[in-house]
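I have a structure here, written as structure tokens, and I will follow up with some questions on it.
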Amino acid sequence: MNIYRLNVKDEYYGGYDSFDGHVIVSESEEDARSRCPHADEGDIWGDPNKVTAELIGEAVDGLEAGILLS
């Protein structure tokens, strides 16, 4: 399992009441993008033109896939 940081690019950020990023535990970048909740910014998390994804590390053994931080 890997840990990914996903961030909305500035020009697509929806403002004070929307998510600007997430830290996700997942097997792949694609799976990490699919785990992000949709809010006022809409379903933008799967679009690499609007959201950056960075592999930031490996998860410790036993950690389940899901959102660590929103």
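The values are calculated or read from the model by the stated rules, or taken from the named source; none is laboratory data. From a predicted model like this one, the values you see are computed outputs, not experimental measurements. Methodologically, a virtual Cβ is constructed for each residue, glycine included, from the backbone with ideal geometry; neighbour enumeration extends over all protein chains shown. Ligands, DNA and RNA are excluded from the accessible area calculation, which covers all protein heavy atoms including side chains. Shrake-Rupley method; radii C 1.70, N 1.55, O 1.52, S 1.80 Å.
Can you say whether G66 is at pLDDT below 85, open to solvent by less than 60 Å² (accessible area, probe 1.4 Å) and not basic (K, R), as far as the supplied structure shows?
On the way: at pLDDT below 85: no; open to solvent by less than 60 Å² (accessible area, probe 1.4 Å): yes; not basic (K, R): yes.
Answer is no for this residue.
Search the stretch 45-70 for residues that are of a type in the set (K, R) and pair each with any residue that is in a loop (DSSP other than H, G, I, E, B) and open to solvent by less than 80 Å² (accessible area, probe 1.4 Å) when their beta-carbon atoms are under 8 Å apart and the residues are at least 6 apart or on different chains.
Correct list of pairs: K50/K9; K50/I44.
Where residues in the stretch 47-62 are open to solvent by less than 60 Å² (accessible area, probe 1.4 Å) and modelled with pLDDT of 95 or more, which of them is farthest from K9 (Cα to Cα)?
Among residues in the stretch 47-62 that are open to solvent by less than 60 Å² (accessible area, probe 1.4 Å) and modelled with pLDDT of 95 or more, the one farthest from K9 (Cα to Cα) is A59.
If a residue has to be at pLDDT 90 or above and outside any strand (DSSP E or B) to count, how many in the stretch 1-16 make the cut? Quick ask: steps written out before the conclusion?
Keep residues of the stretch 1-16 that are at pLDDT 90 or above, which gives 1-6.
Subsequent filtering for residues that are outside any strand (DSSP E or B) retains 1.
So the answer is 1.
Within the stretch 30-44, can you find the residues that are part of a loop (DSSP other than H, G, I, E, B), open to solvent by less than 80 Å² (accessible area, probe 1.4 Å) and at pLDDT 65 or above? Give the steps one after another, and end with the answer.
Let us first name the residues in the stretch 30-44 that are part of a loop (DSSP other than H, G, I, E, B), namely 35-38, 40-41, 43-44.
Subset that is open to solvent by less than 80 Å² (accessible area, probe 1.4 Å): 36-37, 41, 44.
The answer is C36, P37, I44.
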